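**Student:** Let me give you the structure first, and then I'll get to my questions.
The values are calculated or read from the model by the stated rules, or taken from the named source; none is laboratory data. Bear in mind the structure is a predicted one, so any value in this text is a computation, not a measurement. Backbone-built Cβ (ideal geometry, glycine too); neighbour counts: all protein chains shown.
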């Protein structure tokens, strides 16, 4: 590889070896052209004394231990950052002890697909004690870290191409080269420039002027598509577009550091169009394109599909006399329609009644869930109406309407609620009555449901519904639910499980269904008393005088201890001022499906021979 003659005075060697001739001139200092040396090969230095001027004859050699030789070459690309759009920053490590000879470190960005160098930069050294601990056999590993920044101002990286970062140790110190004019050692590291795309709308709000959009968007293909747009589609057809001026979003740069120009990805714009042009479905495209007008070779990202209207009935309470409801309705078609109505249709589709609504309320939940629909900031409505006589006993379809006509006709936008049923009006509005699955008390004088009042040990709240006493209500409801389904028989299951029942067997089943303890067996009227006492009832009256029980009282007619006397058991389903009794009975002489009957208590007791009465009442009449 070369030879040099460089004798150097070494008096220290002469003192150490005085018996060796010429030891005082035994030193040498030599230099070789590094670009002629391959430090991945094993190199060996020979010191030669020769009798000939060319050193090739009459010589004595000394071979020093080998230098360099094959070394371990390890590297890793820890990460890269392309977020500012002009520079590609890379970090990693490259450990190889050849750096003792090839001390200049270049980083090269190479386009594998095109087969060419894109950019080169000098690495900045970074201490990496973690690499040193991981590879202790490589002496220089703890100093193997690198960072560098490629200037891509005049380059457009194609995300469809494959790229590599080449970490090169070289003997060349040329600041304008890539180290290739010296001896060098490379490690090729894959640069995963995947085709990343993403966007998000931080704000999306339909206004009278159009759709307000604020958010961010990134697209790895943006170097070749520098123009950004948002385009609004209605039923697949464009109704408006707006070019975006991208602004700084450091938060998105931190989230997508490897995506081109993610630092400058924010936008805030209004896409102008008439909201009434929105059809059944609206969608927004976020586009990067090479065309200043927003067409051309484009890369599109599509939003979810947004409906143009929505509504919901949050509350619907049907009392015996009133209809109480609350809900919301929004639509892109409400512009220029300031009047709102609720319209009730009967089961044949004919209009039964309409009510004018004057106020809409804020519904932040609707705004958050349906930002793309006009009017979502004032969408709520609530109302309470007296039920017209023609709505009882019908399935009702409610419509909420926005209209440009004071009478609710003209041009309008409707939303249909789910149909619901209003039972027939209470025939005898006195005392405790059931209506639409709830229990009410009707004042015998006014014939109207009372509110906030105790009656027969149970409470009727602010909307008139019974708020406690649900244990008794569940017993009664067991009988109501079996109306038309049971046939009277004392020879079958007796508890309704086979479609037949008698009075005591059905009462056993009703009590258990309401939450009483499991019965030992299906009781008879002669032995059901302990079961009643066990489940919170107490005997509050017995005798053969007239006695009006309260709501929820369970009554046995006939002497319990007389085996020759017929007996019957009922539960009081009305109130003391209009009491009724419901039970499984023989009133219809065993006709199929008619065993459950609810009749006036006094009439039934008298027709049953005014028998001896045992009246059992819950110790806690308000038990739920």
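**Student:** Out of curiosity, is residue 157 within 40 Å of the chain's Cα centre (by Cα), surrounded by 19 or more Cβ atoms within 10 Å (Cβ to Cβ), outside the structural domain of residue 271 (by the TED database) and in contact (Cβ under 8 Å) with a residue 60 or more places away in the chain?
**Tutor:** Yes, satisfied.
**Student:** Among what's in region 456-465 and is surrounded by 14 or more Cβ atoms within 10 Å (Cβ to Cβ) and more than 13 Å from residue 573 (Cα to Cα), pick the residue that is modelled with the lowest pLDDT.
**Tutor:** Ranking the candidates gives 457 first.
**Student:** Residues of region 272-327 being in a loop (DSSP other than H, G, I, E, B), closer than 23 Å to residue 231 by Cβ and over 30 Å from the mean Cα position of the chain (by Cα), which ones?
**Tutor:** Result: 273, 274, 290, 291, 292, 293, 294, 295, 296, 297.
Condition check ((1) in contact with a strand residue (DSSP E or B) (Cβ under 8 Å, 6 or more places away or on another chain); (2) exposed (fewer than 15 other Cβ atoms within 10 Å of the Cβ); (3) within 30 Å of residue 429 (Cβ to Cβ); (4) not assigned by the TED database to the domain that holds residue 391) across all residues:
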| position | (1), (2), (3), (4) |
| --- | --- |
| 267 | yes, no, no, yes |
| 297 | yes, yes, no, yes |
| 344 | yes, no, yes, no |
| 351 | yes, yes, yes, no |
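**Student:** Scanning for something more than 34 Å from the chain's Cα centre (by Cα), part of a loop (DSSP other than H, G, I, E, B) and within 28 Å of residue 211 (Cβ to Cβ), does region 355-375 turn up at least one residue?
**Tutor:** no
**Student:** Moving to a separate point now. Does residue 105 qualify as being modelled with pLDDT of 95 or more and either buried (at least 17 other Cβ atoms within 10 Å of the Cβ) or on the phi > 0 side of the Ramachandran plot (or both)?
**Tutor:** yes
**Student:** Please specify each residue of region 397-413 satisfying the condition of being touching a residue at least 60 places away in the same chain (Cβ under 8 Å) and either part of a strand (DSSP E or B) or closer than 13 Å to residue 387 by Cβ (or both).
**Tutor:** Those that are touching a residue at least 60 places away in the same chain (Cβ under 8 Å) and either part of a strand (DSSP E or B) or closer than 13 Å to residue 387 by Cβ (or both): 398, 400, 401, 402, 403, 412, 413.
**Student:** Could I ask something else about it? Is it the case that residue 271 is buried (at least 18 other Cβ atoms within 10 Å of the Cβ), farther than 20 Å from residue 298 by Cα and touching a strand residue (DSSP E or B) at 6+ places or on another chain (Cβ under 7 Å)?
**Tutor:** Spelling it out, it is not the case that residue 271 is buried (at least 18 other Cβ atoms within 10 Å of the Cβ), farther than 20 Å from residue 298 by Cα and touching a strand residue (DSSP E or B) at 6+ places or on another chain (Cβ under 7 Å).
**Student:** Further question: Any chance you could count how many residues in region 580-591 are touching a residue at least 40 places away in the same chain (Cβ under 8 Å) and under 16 Å from residue 480 (Cα atoms)?
**Tutor:** Residues flagged as touching a residue at least 40 places away in the same chain (Cβ under 8 Å) and under 16 Å from residue 480 (Cα atoms) within region 580-591 amount to 4.
**Student:** Ok, one more. Can you tell me how many residues in region 159-168 are over 17 Å from residue 91 (Cβ atoms) and modelled with pLDDT of 85 or more?
**Tutor:** 2
**Student:** Identify, from the list 333, 347, the residue that is modelled with pLDDT under 95, over 31 Å from the mean Cα position of the chain (by Cα) and on the phi < 0 side of the Ramachandran plot.
**Tutor:** Checking each option against the conditions leaves just 347.
**Student:** For the list (1) surrounded by 20 or more Cβ atoms within 10 Å (Cβ to Cβ); (2) under 29 Å from the mean Cα position of the chain (by Cα); (3) at pLDDT below 90, I need the number of the one condition that residue 196 fails.
**Tutor:** Of everything listed in (1) surrounded by 20 or more Cβ atoms within 10 Å (Cβ to Cβ); (2) under 29 Å from the mean Cα position of the chain (by Cα); (3) at pLDDT below 90, residue 196 misses just condition (1).
**Student:** Which residue is modelled with the highest pLDDT, if the candidates are limited to region 81-90 and must be out of contact with any helix residue (DSSP H, G or I) (no Cβ under 7 Å at 6 or more places or on another chain) and either under 22 Å from residue 171 (Cα atoms) or crowded, with 21+ Cβ neighbours inside 10 Å (or both)?
**Tutor:** Here the residue is 90.
**Student:** At pLDDT 95 or above and within 23 Å of residue 183 (Cα to Cα): does that describe residue 121?
**Tutor:** In short, yes.
**Student:** I would also like to ask the following. Please enumerate the residues belonging to region 370-386 that are closer than 30 Å to residue 270 by Cβ and touching a strand residue (DSSP E or B) at 6+ places or on another chain (Cβ under 8 Å).
**Tutor:** 370, 371, 372, 373, 374, 375, 376, 378, 379, 380, 381
**Student:** For residue 519, which of the numbered conditions (1) at pLDDT 95 or above; (2) more than 57 Å from the chain's Cα centre (by Cα) fails to hold?
**Tutor:** The single condition residue 519 does not satisfy is (2).
**Student:** Can you name the residue in region 497-535 that is in a loop (DSSP other than H, G, I, E, B) and in contact (Cβ under 8 Å) with a residue 24 or more places away in the chain and, of all such residues, is surrounded by the most Cβ atoms within 10 Å (Cβ to Cβ)?
**Tutor:** Once the filter is applied, the top-ranked residue is 502.
**Student:** If you take the residues in region 594-624 that are closer than 13 Å to residue 548 by Cα and in contact with a helix residue (DSSP H, G or I) (Cβ under 9 Å, 6 or more places away or on another chain), which one is surrounded by the most Cβ atoms within 10 Å (Cβ to Cβ)?
**Tutor:** Only one residue tops the list, namely 616.
**Student:** Just checking, does region 222-230 include any residue being out of contact with any strand residue (DSSP E or B) (no Cβ under 8 Å at 6 or more places or on another chain) and either outside the structural domain of residue 274 (by the TED database) or within 18 Å of residue 80 (Cα to Cα) (or both)?
**Tutor:** Taking every residue of region 222-230 in turn, at least one turns out to be out of contact with any strand residue (DSSP E or B) (no Cβ under 8 Å at 6 or more places or on another chain) and either outside the structural domain of residue 274 (by the TED database) or within 18 Å of residue 80 (Cα to Cα) (or both).
**Student:** Looking only at region 253-264, decide whether some residue is in a strand (DSSP E or B) and either at pLDDT 95 or above or crowded, with 21+ Cβ neighbours inside 10 Å (or both).
**Tutor:** There is at least one residue in region 253-264 that is in a strand (DSSP E or B) and either at pLDDT 95 or above or crowded, with 21+ Cβ neighbours inside 10 Å (or both).
**Student:** Determine which member of the set 539, 587 is under 26 Å from residue 470 (Cβ atoms), in the same structural domain as residue 480 (by the TED database) and either surrounded by fewer than 22 Cβ atoms within 10 Å (Cβ to Cβ) or touching a helix residue (DSSP H, G or I) at 6+ places or on another chain (Cβ under 6 Å) (or both).
**Tutor:** 539
**Student:** Residues 174, 181, 202, 186: which one is part of a strand (DSSP E or B) and not assigned by the TED database to the domain that holds residue 285?
**Tutor:** Only one candidate passes the filter, namely 186.
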